[in-house]
Amino acid sequence: MKELLFKDWESIWHVAVCALLAYFILFLFIRISGKRTLAKLTAFDFVVSVTLGSTLSSMMLGKVTLAEGAAALLVIIALQYVLAWTARESNTLEKVINSSPTMVFYRGSFLEDAMKKEVLTPEEIYAEIRKYRMLDVNQVEAVIMELNGELTVIKKSESSGHTSLDDIENGGR
């Protein structure tokens with residue numbers, strides 16, 4: 001029971017040093033790899049964030065050596081970069097990796113099939129419209145479930161040309 005709270009000063013020193021070094025190794029790798037590593041845009045990016053955190057934890061607690069942890073961080077970040085680049089170069093792989101936005105509300109109507117697919121209720125859509133400080137739903141052109149799971153409310157406009165909705169499949173248009 002005694003070792004549950006405190007083992008010895010050497011193990012505390014070991015964890016502190018590993019945490020410090022692991023933190024700076026991760027910081028260095030993230031600075032080198034760019035902003036994309038920090039973004040939580042897609043399911044894949046979420047997986048990257050979780051695996052980075054898990055690896056960092058293992059490094060800090062001495063479950064793996066710092067060299068092993070650094071190698072794992074490097075592999076995770078490299079995979080994230082390669083898959084992001086591949087998605088950018090291939091429309092097919094982009095759809096597999098990132099899915100696509102889904103229109104769930106269009107010009108005053110709930111799109112039931114899309115809502116069912118995204119497991120959304122009308123109340124959640126109304127709540128998002130209210131977040132945009134809009135009272136009249138007739139002012140809403142569309143509500144979109146984005147790649148990262150956030151809802152975006154698009155206000156109606158006079159534009160009849162190229163719009164931000166052009167990349168979204170049907171959804172009532």
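Over the range 46-168, accessible surface divided per residue gives 63 Å², non-protein components excluded, 1.4 Å probe. Taking the protein heavy atoms of the chain in the context of the full set of protein chains, the accessible area attributed to carbon and sulfur is 61 percent at 1.4 Å. For the range 2-140, the tally of Lys pairs with Cα-Cα distances below 21 Å comes to 4, considering only residues 8 or more apart or on different chains. Per residue of the chain, the DSSP helices (runs of n ≥ 4 H) give a summed -39500 (n - 2.57) that works out to -18000 deg cm²/dmol at 222 nm. Net charge dipole, the chain: roughly 340 debye, given to the nearest 20, about the Cα centre with Cβ charges of +1 for Lys and Arg and -1 for Asp and Glu. For residue 115, the solvent-accessible surface with a 1.4 Å probe is about 0 Å², rounded to the nearest 10. The figure for residue 57 is an accessible area of roughly 50 square angstrom, using a 1.4 Å probe on the protein chains alone.
The values are calculated or read from the model by the stated rules, or taken from the named source; none is laboratory data. These figures come from a predicted structure and were not determined experimentally. Here the Cβ is made from the backbone with ideal geometry for all residues, glycine too, and neighbour counts use every protein chain on show. Areas reflect the complete protein model, heavy atoms only, side chains present, ligands, DNA and RNA absent. Shrake-Rupley method; radii C 1.70, N 1.55, O 1.52, S 1.80 Å.
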